[in-house]
Amino acid sequence: FIVKMTVPEDHIVGSTGECLNYSTVLTPAQLKRWEQAKSVKEPLEIVTLDEAKKNEKSKPNGTKTWIYKADNVRDFAWTSSRKFVWDAMPHITEEGKRVMCMSYYGKEAYPVYSKYSTRVVAHTLKTYSKYTFPYPYPVAISVEASNGMEYPMICFNYGRAEEDGTYSEGVKYGAIGVIIHEVGHNYFPMIVNSDERQWTWMDEGINS
């Protein structure tokens with residue numbers, strides 16, 4: 001796939017595949033953070049919480065076009081919002097390849113997602129790769145949403161905090177569990193390309 005998404009200029013886009021034009025859609029500061037994120041040991045915010053809060057109140061005049069390319073995938077999904085905080089860190093595979101683990105989330109999920117989401121994405125790749133095969137894609141993404149759903153390289157997961165920023169153990173472990181589950185679907189059925197309806201044990205079964 002090569003996909004071009006034209007969105008309001010204050011939106012941040014996450015997608016299956018790799019972005020081909022960060023240099024034209026990110027601010028200089030964000031682009032610098034993106035480059036730094038490729039070698040960090042813990043998640044680094046490409047779009048900060050303060051920037052996301054400012055974007056939420058903005059009134060854009062124009063648009064930007066984000067371009068993504070994805071190889072060897074059976075499906076494609078993307079997300080776009082002016083509300084997103086975006087963080088990233090690398091996972092290095094046993095073959096020495098760098099996979100960018102990333103999360104996109106609103107301020108309502110910040111207390112949970114900033115602590116756990118991207119770390120859990122990286123942990124899932126490490127664990128699934130140990131027991132199956134090396135993760136072949138260049139990115140793995142968790143997007144905060146109202147429920148859980150998987151696509152190649154990107155998935156959507158729940159887990160918001162209360163208005164005062166607190167959250168229960170149930171919300172914490174619910175978010176961690178669904179992120180592991182949906183990121184795990186990259187292996188079964190996405191990479192293996194199995195028939196989910198015929199071989200349910202290999203899809204929902206293994207991930208559960």
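Observations on the structure shown:
- Counting only residues that are in a loop (DSSP other than H, G, I, E, B) and under 20 Å from Glu144 (Cβ atoms), region 27-48 holds 3 of them.
- Top-ranked residue in region 128-157 [being part of a helix (DSSP H, G or I) and without any contact (Cβ under 8 Å) to a residue 24 or more places away in the chain; ranked as most open to solvent (accessible area, probe 1.4 Å)]: Tyr131
- Residue, least open to solvent (accessible area, probe 1.4 Å), within region 183-205, restricted to residues that are over 19 Å from Ala70 (Cα atoms) and part of a helix (DSSP H, G or I): Asp203
- A Cβ distance below 9 Å, combined with a sequence gap of six or more or placement on separate chains, defines the contacts here; from region 18-43, residues that are open to solvent by 90 Å² or more (accessible area, probe 1.4 Å) reach residues that are assigned to a helix (DSSP H, G or I) and modelled with pLDDT of 95 or more in the pairs Glu42/Thr118; Glu42/Arg119.
- Within region 158-179, the residues that satisfy the criterion of being farther than 22 Å from Ala70 by Cα, in a helix (DSSP H, G or I) and not acidic (Asp, Glu) are Gly170, Val171, Lys172, Tyr173, Gly174, Ala175, Ile176, Gly177, Val178.
- Within region 187-205, residues that are more than 15 Å from Pro152 (Cα to Cα) have Cβ atoms under 7 Å from residues that are part of a loop (DSSP other than H, G, I, E, B) in these pairs: Met202/Ser194, counting only partners at least 6 apart in sequence or on another chain.
- Hits in region 80-115 - residues which are open to solvent by less than 10 Å² (accessible area, probe 1.4 Å), among the hydrophobic types (A, V, I, L, M, F, W, C) and either over 18 Å from Tyr22 (Cα atoms) or part of a loop (DSSP other than H, G, I, E, B) (or both): Ala109, Val112
- Pick from region 167-179, criterion within 18 Å of Met149 (Cα to Cα) and surrounded by 18 or more Cβ atoms within 10 Å (Cβ to Cβ), ranking: farthest from the chain's Cα centre (by Cα): Val171
- Reported count of residues in region 58-79, each being open to solvent by less than 80 Å² (accessible area, probe 1.4 Å), closer than 10 Å to Val7 by Cα and in a strand (DSSP E or B), is 3.
The values are calculated or read from the model by the stated rules, or taken from the named source; none is laboratory data. Since we're looking at a predicted model, the values are computed, not measured. A quick note on method: Cβ atoms are made from the backbone with ideal geometry, for glycine too, and the neighbour counts reach across all protein chains shown. Accessible surface areas use protein heavy atoms only, side chains included; no ligands, DNA or RNA. Shrake-Rupley method; radii C 1.70, N 1.55, O 1.52, S 1.80 Å.
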